[in-house]
1. Hey, any hits in the stretch 4-13 for a residue that's outside any loop (DSSP other than H, G, I, E, B), open to solvent by less than 80 Å² (accessible area, probe 1.4 Å) and either modelled with pLDDT under 90 or over 16 Å from Asp103 (Cβ atoms) (or both)?
2. Determine whether the stretch 23-33 contains at least one residue that is in a strand (DSSP E or B) and of a type in the set (Gly, Ala, Ser).
3. Give the residues of the stretch 58-68 that are within 13 Å of the chain's Cα centre (by Cα) and open to solvent by less than 70 Å² (accessible area, probe 1.4 Å), sorted by residue number.
4. When you go through Ala87, Ala71, Ala41 one by one, which is the residue that is free of Cβ contacts under 8 Å to residues at least 60 places away in the same chain and surrounded by 13 or more Cβ atoms within 10 Å (Cβ to Cβ)?
5. Select from the stretch 93-118 the residues that are under 24 Å from Leu28 (Cα atoms) and of a type in the set (Asp, Glu) and write down the one among them that is modelled with the lowest pLDDT.
6. Here is a check on your reading of the model: is Val37 among the hydrophobic types (A, V, I, L, M, F, W, C) and under 11 Å from the mean Cα position of the chain (by Cα)?
7. What's the number of the condition Tyr55 fails, among (1) in a strand (DSSP E or B); (2) in contact with a Leu (Cβ under 9 Å, 6 or more places away or on another chain); (3) surrounded by 15 or more Cβ atoms within 10 Å (Cβ to Cβ)?
8. Please count how many residues of the stretch 90-108 are touching a Leu at 6+ places or on another chain (Cβ under 7 Å) and surrounded by fewer than 11 Cβ atoms within 10 Å (Cβ to Cβ).
Amino acid sequence: MSADTTTTPVATGIKLTDVAATKVASLLAQEDRDDLVLRVAVQPGGCSGLKYQLYFDDRNQDGDMTYAFGAVKVVVDKMSDPYLSGASIDFVDTIEKQGFTIDNPNAGGSCACGDSFH
């Protein structure tokens with residue numbers, strides 16, 4: 001007899017919520033360029049060792065991972081991809097805060113600014 005095993009799919013790649021995708025599409029429309037993608041990267045720095053970078057880019061680097069969310073493309077370089085696998089980018093627009101947020105299950109901890117992690 002074999003035992004039943006249940007496998008839970010592991011989240012891979014980066015996710016962009018519908019709200020964030022709409023905001024990115026709006027910002028891209030303001031730029032009036034169709035060659036830009038949203039690049040998400042992890043760089044050394046910040047109070048916890050690593051920090052996030054989000055910016056529009058027109059370059060393609062060797063090893064880039066591209067994720068499509070409707071008309072919006074998110075690009076992650078090969079060094080950052082393992083740190084961002086399963087991370088979710090959202091856009092928050094409240095009285096207290098406005099901007100993109102990253103919920104990253106790979107972050108072992110973060111600092112008070114919320115922009116860096118280890």
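The values are calculated or read from the model by the stated rules, or taken from the named source; none is laboratory data. None of the values given here were measured: they were computed from a predicted structure. As a convention, Cβ positions derive from the backbone with ideal geometry for all residues, glycine included, and neighbour counts pool all protein chains shown. Keep in mind that these areas ignore ligands, DNA and RNA; they rest on the heavy atoms of the full protein, side chains included. Shrake-Rupley method; radii C 1.70, N 1.55, O 1.52, S 1.80 Å.
1. no
2. Among the residues of the stretch 23-33, not one is in a strand (DSSP E or B) and of a type in the set (Gly, Ala, Ser), which makes the answer no.
3. The answer is Tyr67, and nothing else.
4. Numbers: Ala87 fails: free of Cβ contacts under 8 Å to residues at least 60 places away in the same chain; Ala71 fails: surrounded by 13 or more Cβ atoms within 10 Å (Cβ to Cβ).
Just a single option satisfies the conditions, and that option is Ala41.
5. So, considering only residues that are under 24 Å from Leu28 (Cα atoms) and of a type in the set (Asp, Glu), the one modelled with the lowest pLDDT is Asp115.
6. Taking the combined requirement at face value, the residue does not satisfy it.
7. Going through (1) in a strand (DSSP E or B); (2) in contact with a Leu (Cβ under 9 Å, 6 or more places away or on another chain); (3) surrounded by 15 or more Cβ atoms within 10 Å (Cβ to Cβ) one by one, Tyr55 breaks only (3).
8. Residues in the stretch 90-108 being touching a Leu at 6+ places or on another chain (Cβ under 7 Å) and surrounded by fewer than 11 Cβ atoms within 10 Å (Cβ to Cβ): 0 in total.
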